[in-house]
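In what follows, a structure is listed as structure tokens, so that the remarks can point back to it.
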Amino acid sequence: MDLNGWKGKLYWFVEFVTMLAVLQLMWIGLTLLGLVIFGVSPATVGLFGVMRKRMQGQDELRTLLKNYWVTYKKEFVNSNKIGVILIGIGYFLIINLQIALTMKGTYALFMLTVIVMISILYAVMSMNIFQVYAHYDLPFARYFSSSLLLSISFPLQVLGSFIGLYVLYRIFLFIPGLLPFFGVSLTILFLTWMSSQIFRLKGEYDGTLQLEEEKNSIQSFKEGAI
């Protein structure tokens, strides 16, 4: 279809919005399939992977849904390991924060400062770790350190992510009817776009950008041929 003119742009917009809504519904379905607690991590990893492919030019919804399901099954165990570790760290921080708030004196202030700083690093790591997992093939333990190091190395992009998340929060707060259809998919699309800027900058710095682009092109060609 000719995408020139307002009809083509309208068609593209409707198709794009439909994709976001369908992927959101699939995320909900796959999360429920894993009884929520075991489904949310693989469903989120799969959605990050799908959004990454969408940004690389894969726009056929049927293929995206197929890739989503394959990724969900393939990464079910490892993604849940990440989720359990993140929940464990978060629980530990909450308990220590509650303890620090009940204390008084200089030591309490020191402890509170340390916990807040660690919590900020934890939030940054949690925001990026599934994106790093979807983008890189690393030893399991390195996903945590790599997501944190990448965030520290590109603070402006991370700050932009937090600002964008706040803007989305205000939009969904103003129009809550959008949440069931676009809350997760639009948020992950935005985070995927922001992380792609970080990965591109990293590739430019270490000279691996062209290699990654060639690898992605070959992978997209193989998937399109299936």
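For the chain, the longest principal axis of the alpha carbon atoms and the long axis of helix 106-135 meet at an angle near 20°. With r defined as the distance between the Cβ atoms of Tyr107 and Ile152 and R0 fixed at 30 Å, what FRET efficiency is calculated, to the nearest 0.05? Using R0 = 30 Å, I get an efficiency of 0.60. Of the whole protein surface, Leu121 contributes about 80 Å² of accessible area at a 1.4 Å probe radius.
Separation of the stretch 126-150 from the stretch 23-99 is 14 Å, based on Cα centroids. The long axis of helix 40-55 is offset from the longest Cα principal axis of the chain by roughly 50 degrees.
Count Lys and Arg as plus one, Asp and Glu as minus one, and take only other residues whose Cβ is under 11 Å from that of Gly49; the net charge is then +3. Mean residue ellipticity at 222 nm, helices only, the chain: -29500 deg cm²/dmol; runs of at least 4 DSSP H residues each add -39,500 (n - 2.57), and the sum is divided by the number of residues. You can think of it this way: the chain between Glu204 and Leu178 has 5.7 nm of extra reach, that is 0.36 nm per residue less the Cα-Cα gap.
Between helix 142-153 and the chain there is an angle of about 90 degrees, using the helix long axis and the longest principal axis of the Cα atoms.
With a Förster radius of 41 Å applied to the beta-carbon distance between Val114 and Lys74, the computed FRET efficiency rounds to 0.60.
Residues with beta-carbon under 14 Å from that of Tyr133, excluding Tyr133: net charge, scoring Lys, Arg +1 and Asp, Glu -1? After counting each charged neighbour, the total is +2.
Among the listed pairs Lys66/Lys202; Lys9/Lys66; Lys53/Lys202, a Cα-Cα separation exceeding 24 Å is found for Lys66/Lys202; Lys9/Lys66. Out of the chymotrypsin sites (Phe, Trp or Tyr not before Pro) in the stretch 126-202, which ones are loop residues according to DSSP with at most 11 other C-beta atoms within 10 Å? Qualifying residues, ordered by number: Phe140. Annotation for Trp6 and Val22: the two label points, set 7 Å from Cα along the Cα-Cβ direction, are 2.7 nm apart. The value for the chain of Rg(Cα) / (2.2 N^0.38 Å) is 1.13. Across the alpha-carbon atoms of the stretch 66-152, the computed radius of gyration and Dmax are 16.2, 57 angstrom.
The values are calculated or read from the model by the stated rules, or taken from the named source; none is laboratory data. The structure presented is a predicted model; accordingly, all values stated were derived computationally and were not measured. Using ideal geometry, Cβ is built from the backbone for each residue, glycine included, and neighbour counts are taken over all protein chains shown. Heads up: the accessible areas ignore ligands, DNA and RNA and are worked out on the full protein's heavy atoms, side chains in. Shrake-Rupley method; radii C 1.70, N 1.55, O 1.52, S 1.80 Å.
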